[in-house]
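**Student:** What follows is a single structure, and I will ask about it in a moment.
A short reminder: the numbers here are calculations on the coordinates, not readings from a lab. Note that this is a predicted model, so its numbers are computed, not measured. Backbone-built Cβ (ideal geometry, glycine too); neighbour counts: all protein chains shown.
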Amino acid sequence: MKRIAIFASGTGSNARKIVEYFKDHPKIEVSLIVSNNKEAKVLDMAHRHNIPTMILNKALLKDRDYILEKFSIFPIDFIVLAGFLLLVPKYLVDAFPKNIVNIHPALLPKYGGKGMYGMNVHKAVKDSGERETGITIHYVNEHYDEGGIIFQASCPVLPEDSPETIAKNVLKLEHEFFAKTIENVLLD
Ligand code: GAR
């Protein structure tokens, strides 16, 4: 079994899709959900599915010994960032080489980097008059949105689309492709 930890800060709709996709999977399971926000809806979803959860603040995330010990207890093979807003520390990148992936709601390298998350991304896409946007699934390194790209999919941006419409279309792509891409990476 490959054991995934999903890191998420908010609603967790991607996390939910991933949990549902790997329920009853013969080789992959979601064994932990980590959040930096104790109010995050993703935690309710985890409880409904009986998946253990862990709350981390910025300081704990920086505590190498604490985190690596916890992850060895579970144990964790692979980390998925699904709407996780804190920077992943270098020790964690080093401890899980090529085993941390993130989803970004735009076509990287455009509209990435610090502060580029959620609606900020879609507003920037709209303000720049882009004709298309999409999703990027990529390996994680110690810089925001800079690791090697694994998969991209795009959708058109129509002149009349609001940032909210763009967000909806992008989220649909995320739900369609994220879990499958994780499966491809893990079973490669
Ligand atoms: C997703 O659109 C994801 O791409 C984005 O946060 C959203 C989380 O939605 N991530 C980033 O912007 C990271 N830079 P969800 O909580 O419903 O899965």
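**Student:** If I go through region 120-130 residue by residue, how many of them are farther than 10 Å from Val170 by Cβ, surrounded by 11 or more Cβ atoms within 10 Å (Cβ to Cβ) and more than 9 Å from the ligand (Cβ to nearest atom)?
**Tutor:** So the answer is 5.
**Student:** A further question follows. Name the single residue, out of those in region 80-92 being away from the ligand (no atom under 16 Å from the Cβ) and not in a loop (DSSP other than H, G, I, E, B), that is surrounded by the most Cβ atoms within 10 Å (Cβ to Cβ).
**Tutor:** Leu92
**Student:** Report yes if some residue within region 70-79 is within 27 Å of Met116 (Cα to Cα) and outside any helix (DSSP H, G or I); otherwise report no.
**Tutor:** Scanning region 70-79 turns up at least one residue that is within 27 Å of Met116 (Cα to Cα) and outside any helix (DSSP H, G or I).
**Student:** Please list, ordered by first then second residue, the pairs with beta carbon atoms under 8 Å, 6 or more apart or interchain, first in region 28-56 and in contact (Cβ under 8 Å) with a residue 24 or more places away in the chain and farther than 23 Å from Glu183 by Cα, second of a type in the set (Phe, Trp, Tyr) and surrounded by fewer than 21 Cβ atoms within 10 Å (Cβ to Cβ).
**Tutor:** If the second residue must be of a type in the set (Phe, Trp, Tyr) and surrounded by fewer than 21 Cβ atoms within 10 Å (Cβ to Cβ), no pairs are left.
**Student:** Something else: Suppose the filter is basic (Lys, Arg), within 13 Å of the ligand (Cβ to nearest atom) and under 27 Å from Ala167 (Cα atoms); does Lys17 pass it?
**Tutor:** The answer is yes for Lys17.
**Student:** Also, quick follow-up: Quick check, is Ile135 assigned to a strand (DSSP E or B) and touching a Pro at 6+ places or on another chain (Cβ under 8 Å)?
**Tutor:** Yes, satisfied.
**Student:** Taking the conditions exactly as written (under 30 Å from Asp65 (Cβ atoms) and either surrounded by fewer than 17 Cβ atoms within 10 Å (Cβ to Cβ) or in contact with a Leu (Cβ under 8 Å, 6 or more places away or on another chain) (or both)), does Asn102 satisfy them or not?
**Tutor:** The answer is yes for Asn102.
**Student:** Starting from residues that are away from the ligand (no atom under 16 Å from the Cβ) and not aliphatic (A, V, I, L, M), keep the ones in region 29-46 and report whichever is surrounded by the most Cβ atoms within 10 Å (Cβ to Cβ).
**Tutor:** So the residue we want is Ser31.
**Student:** Further question: Is at least one residue of region 101-110 over 12 Å from Val170 (Cβ atoms) and within 13 Å of the chain's Cα centre (by Cα)?
**Tutor:** yes
**Student:** Would you mind telling me which numbered condition in (1) surrounded by 14 or more Cβ atoms within 10 Å (Cβ to Cβ); (2) more than 13 Å from the ligand (Cβ to nearest atom); (3) assigned to a loop (DSSP other than H, G, I, E, B) Pro26 fails?
**Tutor:** Answer for Pro26: the failing condition is (1).
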